[in-house]
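Novice: Here it is: the structure, laid out below.
The values are calculated or read from the model by the stated rules, or taken from the named source; none is laboratory data. Only a predicted model underlies this, so the values are computations on that prediction, with no experimental measurement involved. Here the Cβ is made from the backbone with ideal geometry for all residues, glycine too, and neighbour counts use every protein chain on show. Protein only, heavy atoms only, side chains kept; ligands, DNA and RNA dropped before computing areas. Shrake-Rupley method; radii C 1.70, N 1.55, O 1.52, S 1.80 Å.
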Amino acid sequence: MSQYHTFTAHDAVAYAQQYGGLDNPSDLTSAQEVGDGNLNLVFKIFDTHGVSRIIVKQALPYVRCVGESWPLTLDRARLEAQTLVEHYRHSPQHTVKIHHFDPALAVMVMEDLSDHRIWRGELIKGVYYPQAARQLGRYLAHTLFHTSDFYLHPHEKKARVAQFINPEMCEITEDLFFNDPYQIHERNSYPAALEADVAALRNDDALKTAVASLKHRFLSHAEALLHGDIHSGSVFVAGNSLKAIDAEFGYYGPIGFDVGTAIGNLLLNYCGLPGQLGIRDAAAAREQRLSDIQQLWTTFRGEFLGLAEAKSRDAALAWPGYASAFLGKVWQDAVGFCGTELIRRSVGLSHVADIDTIADEAMRNECLRHAIQLGKALIVIAGRIDSAEELVARVRQYG
């Protein structure tokens, strides 16, 4: 199996037998395709006892939810595998382990996480994992610090930027985050009842100027090796464990993008909770989301500063006070990118189950409207929000 072809379940089993690293590969006997994303096939590989042991993931040459009319590079599988391998080096406890990768087939064999649950689904159900926000903050701090100018020699950093250039996948982000929601576009998807709210995005000069600035930073600031799509659906959780997966959007970009995307998905859950649990029962869960946001940022900031003090290799960047000042800018970027995540998940192509699965149409529309208005506000006033506490206060202000 060296030339690309789309895997069947039989192919996935045979591949896992060869590259899964099991002592008795013949124990692997069946596969089930479980991919629910837009870009890949994902097979669980089961042993003779019906226990899932290995995951086989193959990139498709097109966007799965659209079809062959939207082609995609298969090189994204290499970038995903290499991003996860690099992140595993620096945060093994919070990154899925890659056992094998074949660039010709765009296939990787990875650790099975059947004993974990997708965090988004748990948040929707109201299942609380008290360690998750802190662990995500720790993952982001260690992966982003160790791939940044603070830690890498300038020659190595520049070589890494070239290695992880990801133009096709970045173009998707550039369009879905910064272009589509602010113009009339066929990829946008929202209820007709929200037309006035969406039209207001297209006609807001201050908003579009702020979005342009965020896009410019995304295009030009190669600060660290990002996951690139670190939302609650690309994180698995268990009793005392958190693992990041799905890094096909990995590239060198602004650190605030990963942090802001993570926070944005917690706020999407915040916006959707009244529709999922009812207004009264949602109150405590919403307060928990706000606490999660503060814990995520506090942990990220504390871990990054500790690493900068202990491990910074550049004399100028190691100067006392610089790392703290740098994180001030990262925070403001994060708030802005958080706002773009709220809007693109409400108006654009790829929505989230936190809101989309709300049964009552009127309530679902109201939750979408809340996410749009909150995202719009955060983008415009990001430069005036100085702390996680201030962010929480602003979120409460907007309902």
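Novice: Calculate for the chain the 222 nm mean residue ellipticity that helices alone would give, adding -39,500 (n - 2.57) per DSSP H run of length 4 or more and normalising by residue count, nearest 500 deg cm²/dmol. Don't skip to the end; give the middle numbers.
Specialist: Working: 14 runs with 207 residues, N = 399.
Computed ellipticity for the chain at 222 nm equals -17000 deg cm²/dmol.
Novice: Suppose the chain between Arg384 and Arg117 were pulled fully straight at 0.36 nm per residue; how much longer would it get relative to their current alpha carbon spacing? Don't skip to the answer; put the middle values down first.
Specialist: Details: separation 267, 0.36 × 267 = 96.12 nm, distance 3.64 nm.
Gain in length upon complete extension: 92.5 nm.
Novice: Taking R0 as 22 Å, what's the FRET efficiency between Lys329 and Thr209 from their Cβ-Cβ distance, rounded to 0.05? Walk me through the intermediate numbers first.
Specialist: Working: r = 18 Å, r/R0 = 0.83.
E between Lys329 and Thr209, to the nearest 0.05, is 0.75.
Novice: Give me the percent of the accessible area of the chain that comes from carbon and sulfur atoms, probe 1.4 Å, all protein chains in place.
Specialist: Details: 8160 of 16080 Å².
Carbon plus sulfur share of accessible area: 51 percent.
Novice: Amide H to amide H, which residues 5 or more places from Gly35 or on other chains are under 5 Å from it, using H placed in the peptide plane?
Specialist: The list, which skips near neighbours in sequence, is Val42.
Novice: Sequence gap of 8 or more, or different chains, plus Cα separation below 23 Å: how many lysine pairs satisfy both in the chain?
Specialist: Number of lysine pairs found: 19.
Novice: Further question on the same structure: Simple spin-label model, 7 Å along Cα-to-Cβ: Gln131 to Leu22 in nm?
Specialist: It works out to 2.7 nm between the two label points.
Novice: With helices defined as uninterrupted DSSP H runs, which ones in the chain have an alpha carbon span along their own long axis of at least 24 Å and mean Kyte-Doolittle hydropathy of at least -1.0?
Specialist: Numbers: long enough: 255-277 (33 Å, 0.86); 279-311 (47 Å, -0.40); 322-347 (38 Å, 0.35); 361-381 (30 Å, 0.40).
Going by DSSP H runs, the hits are 255-277, 279-311, 322-347, 361-381.
Novice: Same structure again: I'd like the distance separating the alpha-carbon centroids of the stretch 95-173 and the stretch 301-330, in whole Å.
Specialist: 22
Novice: Starting from the Cα-Cα distance between His5 and Gln397, subtract it from 0.36 nm times their residue separation and give me the gain in nm to one decimal.
Specialist: Values: separation 392, 0.36 × 392 = 141.12 nm, distance 5.24 nm.
Taking His5 through Gln397 to full extension adds about 135.9 nm, to one decimal.
Novice: Which residue, Ala247, Ala282, Ala162, has the most motion in a Gaussian network model of the chain that connects Cα atoms within less than 10 Å?
Specialist: It is Ala162.
Novice: Using Cα pairs closer than 8 Å and at least 6 residues apart in sequence, work out the relative contact order for the chain, in percent.
Specialist: Answer for the chain is 17 percent.
Novice: Give me the one-decimal nm value for the distance between modelled label points at Lys158 and Leu219, 7 Å along each residue's Cα-to-Cβ direction.
Specialist: 2.3
Novice: How high is the FRET efficiency from Thr48 to Glu168, r the C-beta distance, R0 35 Å, rounded to 0.05?
Specialist: Details: r = 40 Å, r/R0 = 1.15.
That gives a FRET efficiency of 0.30.
Novice: Viscosity 0.890 mPa s, temperature 25 °C: what is the translational diffusion coefficient of the chain from Stokes-Einstein with a Kirkwood Rh over Cα pairs, rounded to a whole number of µm²/s? Walk me through the numbers on the way to the answer.
Specialist: Values: Rh = 21.6 Å.
Once the numbers are plugged in, D ends up at 113 µm²/s.
Novice: Okay, next question. Roughly how many Å² is the accessible area per residue of the stretch 117-398, as a whole number, for a 1.4 Å probe?
Specialist: On the way: 10710 Å² over 282 residues.
Normalised by residue count, the accessible surface of the stretch 117-398 is 38 Å².
Novice: Enumerate the residues in the stretch 74-109 having an amide nitrogen under 16 Å from the point lying 7 Å beyond the Cα of Glu33 toward its Cβ.
Specialist: Residues 106-108 qualify, since their backbone N sits under 16 Å from the label point.
Novice: Please list 88-98, 134-144, 255-265 highest first by mean number of surrounding beta-carbon atoms within 10 Å per residue. Intermediate values should be presented prior to the final figure.
Specialist: Working: 88-98: 18.2, 134-144: 24.9, 255-265: 28.7.
Highest to lowest by the protection proxy: 255-265, 134-144, 88-98.
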